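Quick notes on the structure that follows.
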Amino acid sequence: MELEMKESKKLVDGQHIGIIKDVEYREKPFCYTDLIIESDGMTLKAGYPTALSEVSALGKMLKRFDIEPAIGEKIDIEKSLVGKKCSFITMTQEGKDGNMYANVIPKSVKGVE
């Protein structure tokens, strides 16, 4: 089999527009809710601790999408966010493997029309 060497995709630091394509949940090493965002042909993740309150990072992110559940109300994060257009800011950071990656600043993710 022949494989073609391709140039790696890079996202410049700064503000971008994307679409939330999925929501994933992980439990190791901690419980996190990850937004899967597609932008400029790349897939990126923005992670939030899975704790929903008015002052949690997840609760504040929902507010930036004009979603404000009442105390005691349950919300389906996937149904509420998948398919929504968003803006976000990236910064390039070095990974543990020595490669450089576009890192989404979680506090910057917000809904756009």
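Data for the structure
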quantity: Test: residue in segment 23-39 that is in contact with a His (Cβ under 9 Å, 6 or more places away or on another chain) and touching a residue at least 24 places away in the same chain (Cβ under 8 Å); calculated: yes
quantity: Residues being in contact with a His (Cβ under 9 Å, 6 or more places away or on another chain) and among the β-branched types (Val, Ile, Thr) - total across segment 59-103; calculated: 2
quantity: Considering residues of segment 84-113 that are basic (Lys, Arg) and either more than 21 Å from VAL23 (Cβ to Cβ) or in contact with a strand residue (DSSP E or B) (Cβ under 8 Å, 6 or more places away or on another chain) (or both) only, the residue surrounded by the fewest Cβ atoms within 10 Å (Cβ to Cβ); calculated: LYS96
quantity: Filtered residues of segment 63-83 (kept if surrounded by fewer than 16 Cβ atoms within 10 Å (Cβ to Cβ) and within 16 Å of SER39 (Cβ to Cβ)); calculated: VAL82, GLY83
quantity: Pick from segment 83-100, criterion modelled with pLDDT under 95 and out of contact with any Ser or Thr (no Cβ under 7 Å at 6 or more places or on another chain), ranking: farthest from LYS9 (Cα to Cα); calculated: LYS96
quantity: Of all residues making up segment 19-41, the number that are closer than 23 Å to ASN99 by Cα, surrounded by 15 or more Cβ atoms within 10 Å (Cβ to Cβ) and either more than 12 Å from the chain's Cα centre (by Cα) or not aliphatic (A, V, I, L, M) (or both); calculated: 2
quantity: Test: residue in segment 64-82 that is in contact with a Phe, Trp or Tyr (Cβ under 8 Å, 6 or more places away or on another chain), in contact (Cβ under 8 Å) with a residue 24 or more places away in the chain and either within 19 Å of GLY14 (Cα to Cα) or of a type in the set (Asp, Glu) (or both); calculated: no
quantity: Selection from segment 1-11 of residues that are at pLDDT below 90, loosely packed, with under 11 Cβ neighbours inside 10 Å and either part of a strand (DSSP E or B) or not small (Gly, Ala, Ser) (or both); calculated: LYS6, GLU7, LYS9
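The values are calculated or read from the model by the stated rules, or taken from the named source; none is laboratory data. Keep in mind that what you see is a predicted model, and the values were worked out from it rather than measured. When we count neighbours, we look across all protein chains shown, and the Cβ atoms used for this are built from the backbone with ideal geometry, even at glycine.
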